[in-house]
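Participant: This is the structure, below, for whatever I ask next.
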Amino acid sequence: MATNIQKPRGTMDILPDKVAAWQYIEKTAREISAKYGFGEIRFPTFENIDLFQRGVGDTTDVVQKEMYALESKGNGEARYALRPEGTACIVRSIIENGKCSDAMPLKLCYIINCFRYEKPQAGRFREFFQYGVEMFGADTALADANVIALAHEVIETLGIKGVNLHINSIGCPECRPKYHAALKEYFYGHREELCDTCRERLEKNPLRILDCKSPICTKIADGAPKTVDHLCEGCAAHMETLTKALDSLQIPYVVDPRVVRGLDYYTKTVFEFIAPITGAAQSTICGGGRYDGLVKELGGPALSGIGFAAGINRLIDAMEKSGVIIENTEKPLLYVASMGNEAALKAFEIITRFRSEGKWAESDIVGRSLKAQMKYADKIGARYTLILGDNELAAGEAQLKNMETGEQTTVSIDTFTIA
């Protein structure tokens with residue numbers, strides 16, 4: 001006996017009764033993004049692997065451990081990779097399509113699926129879905145505040161409660177080397193206590209140790225030097241302006257030196273919206289920051305950038321934990337039950353007319369008895385039913401029944417309509 005084929009581990013089926021929540025989030029995200037001037041962009045599911053090695057950073061967990069590399073036919077070399085995130089893809093796109101010379105700021109948004117090979121757990125999948133925005137060509141802290149305000153409005157509109165905004169600055173190429181040196185000096189004093197991964201990070205990118213989830217490394221990191229104490233004058237002024245802008249917008253926040261984000265391209269502002277989700281006390285549902293050197297790193301001009309990505313799976317979890325349940329409430333307006341071939345053809349004609357008016361209508365297409373048809377109409381929640389037989393066809397009239405009230409009305413089968 002053949003065994004059933006199941007979906008790959010770490011993926012999901014989104015069935016029709018659950019799709020309403022996804023569509024609601026996507027609709028909300030697109031409408032609010034448009035209000036802030038962000039136009040939607042779409043790009044390939046897989047890209048040249050060099051894009052992520054150069055853009056995301058070859059010292060990150062994403063590139064070292066989690067990326068799905070694809071072997072090209074014929075040579076067996078891994079030349080492509082399924083996208084693990086969206087920012088590098090958009091940067092590649094705007095460079096390749098000549099958008100870097102457009103009027104600035106350039107504002108783009110997207111809703112995509114991404115792929116990372118990691119251990120599936122609550123709120124974490126190998127194929128996951130993101131809504132994100134990217135803004136290019138705006139250097140000021142007010143641009144950061146605009147992007148954060150957009151994310152805040154989406155989260156508020158979705159009805160998610162208990163959300164905390166954490167912000168930080170990780171400096172720029174001028175001040176970050178000094179901070180890295182201070183981090184290395186501190187963590188070398190605890191080298192033997194660090195996990196194996198963090199011992200590797202100590203040599204390549206000590207900033208990533210601050211993001212480790214190991215309890216021992218977390219405790220050690222609590223005493224590490226803070227980024228905000230090592231900022232150059234420009235980065236400190238940028239951070240001060242951002243906090244003033246958020247204060248003026250009445251968006252609450254905390255300055256959190258542990259927020260560093262997991263990708264190498266970030267500079268200056270980084271932020272996370274943290275909320276309760278299923279299976280965890282709290283988790284990041286949206287995160288982002290500034291990446292002023294990424295466009296140039298990938299072959300474009302010196303063009304600043306800032307953006308965020310929000311996990312749609314996590315947004316849904318947070319909504320449900322907040323008591324926000326989006327259900328599919330759509331039901332058929334009309335079900336036409338029929339007896340005999342002529343009546344079945346007339347029923348099909350009627351529902352076709354209703355569908356042409358943009359209304360959901362159904363009739364029997366599986367050969368049920370009249371009794372079974374009426375049970376089916378009730379099961380699918382049809383608001384009205386119409387029964388057609390020889391007598392109705394001869395008279396040109398039938399009884400239209402309101403399934404909620406039980407009221408029946410005589411109508412012309414050729415011209416009746418329902419509001």
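Participant: Could you say which residue among ALA20, ALA2 is among the aliphatic types (A, V, I, L, M) and either in contact with a Cys (Cβ under 6 Å, 6 or more places away or on another chain) or assigned to a loop (DSSP other than H, G, I, E, B) (or both)?
Facilitator: Numbers: ALA20 fails: either in contact with a Cys (Cβ under 6 Å, 6 or more places away or on another chain) or assigned to a loop (DSSP other than H, G, I, E, B) (or both).
Answer to the check: ALA2.
Participant: Here's another thing I want to ask about it. The conditions are (1) more than 30 Å from ALA34 (Cβ to Cβ); (2) not in a helix (DSSP H, G or I), and TYR179 fails exactly one of them. Which is it?
Facilitator: With (1) more than 30 Å from ALA34 (Cβ to Cβ); (2) not in a helix (DSSP H, G or I) applied to TYR179, the lone miss is (2).
Participant: Starting from residues that are acidic (Asp, Glu) and at pLDDT 95 or above, keep the ones in the stretch 1-41 and report whichever is farthest from ARG126 (Cα to Cα). I'd like the intermediate steps shown before the answer.
Facilitator: Step one: of the stretch 1-41, the residues acidic (Asp, Glu) are 13, 17, 26, 31, 40.
Narrowing further to those that are at pLDDT 95 or above: 26, 31, 40.
On the way: GLU26: 20, GLU31: 28, GLU40: 24 Å.
Filtering first and then ranking leaves GLU31.
Participant: To continue, here is another question. Does GLU397 satisfy the condition of being touching a residue at least 24 places away in the same chain (Cβ under 8 Å), of a type in the set (Asp, Glu) and surrounded by 12 or more Cβ atoms within 10 Å (Cβ to Cβ)?
Facilitator: Details: touching a residue at least 24 places away in the same chain (Cβ under 8 Å): no; of a type in the set (Asp, Glu): yes; surrounded by 12 or more Cβ atoms within 10 Å (Cβ to Cβ): yes.
No: the conditions fail for GLU397.
Participant: Go through GLU362, GLU320, GLU404, GLU327 for me and flag whichever is of a type outside the set (S, T, N, Q) and at pLDDT 95 or above. Before the answer, list the steps.
Facilitator: Values: GLU320 fails: at pLDDT 95 or above; GLU404 fails: at pLDDT 95 or above; GLU327 fails: at pLDDT 95 or above.
Result: GLU362 is the single residue among GLU362, GLU320, GLU404, GLU327 that is of a type outside the set (S, T, N, Q) and at pLDDT 95 or above.
Participant: Mind listing just one residue for me: the one in the stretch 185-201 that is surrounded by fewer than 18 Cβ atoms within 10 Å (Cβ to Cβ), under 33 Å from the mean Cα position of the chain (by Cα) and touching a residue at least 12 places away in the same chain (Cβ under 8 Å) and, of those, nearest to GLY288 (Cα to Cα)?
Facilitator: Within the stretch 185-201, the subset surrounded by fewer than 18 Cβ atoms within 10 Å (Cβ to Cβ) is 185-186, 188-189, 191-193, 195-197, 199-200.
Now restrict to residues that are under 33 Å from the mean Cα position of the chain (by Cα): 195-197, 199-200.
Of the ones still in play, those that are also touching a residue at least 12 places away in the same chain (Cβ under 8 Å) are 195, 197.
On the way: CYS195: 26, THR197: 23 Å.
The extreme case among them is THR197.
Participant: For the stretch 329-339, name all the residues that are over 16 Å from ILE418 (Cβ atoms) and surrounded by 13 or more Cβ atoms within 10 Å (Cβ to Cβ).
Facilitator: Step one: filter the stretch 329-339 for residues over 16 Å from ILE418 (Cβ atoms), giving 329, 338-339.
Passing the criteria: SER338, MET339.
Participant: Here is a follow-up. Can you tell me which residue in the stretch 148-176 is nearest to the chain's Cα centre (by Cα), limited to those that are crowded, with 21+ Cβ neighbours inside 10 Å and part of a loop (DSSP other than H, G, I, E, B)?
Facilitator: The qualifying residue nearest to the chain's Cα centre (by Cα) is LEU158.
Participant: Which ones in the stretch 197-229 are of a type in the set (D, E, K, R) and farther than 14 Å from TYR179 by Cβ? Explain how you work it out, then say what you get.
Facilitator: Step one: filter the stretch 197-229 for residues of a type in the set (D, E, K, R), giving 199-201, 203-204, 208, 211, 213, 219, 222, 226, 229.
Scanning the stretch 197-229 gives ARG199, GLU200, ARG201, GLU203, LYS204, ASP211, LYS213, LYS219, ASP222.
For every residue, the table says whether it meets (1) among the charged types (D, E, K, R); (2) farther than 29 Å from ILE25 by Cα; (3) modelled with pLDDT of 95 or more; (4) crowded, with 17+ Cβ neighbours inside 10 Å.
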residue	(1), (2), (3), (4)
ARG124	yes, no, no, yes
LEU183	no, yes, no, yes
LEU207	no, yes, no, yes
GLY223	no, yes, no, no
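The values are calculated or read from the model by the stated rules, or taken from the named source; none is laboratory data. Since the structure is predicted, the reported quantities are computational estimates derived from the model, not experimental observations. Here Cβ is always computed from backbone atoms with ideal geometry, including for glycine, and neighbour counts include all displayed protein chains.
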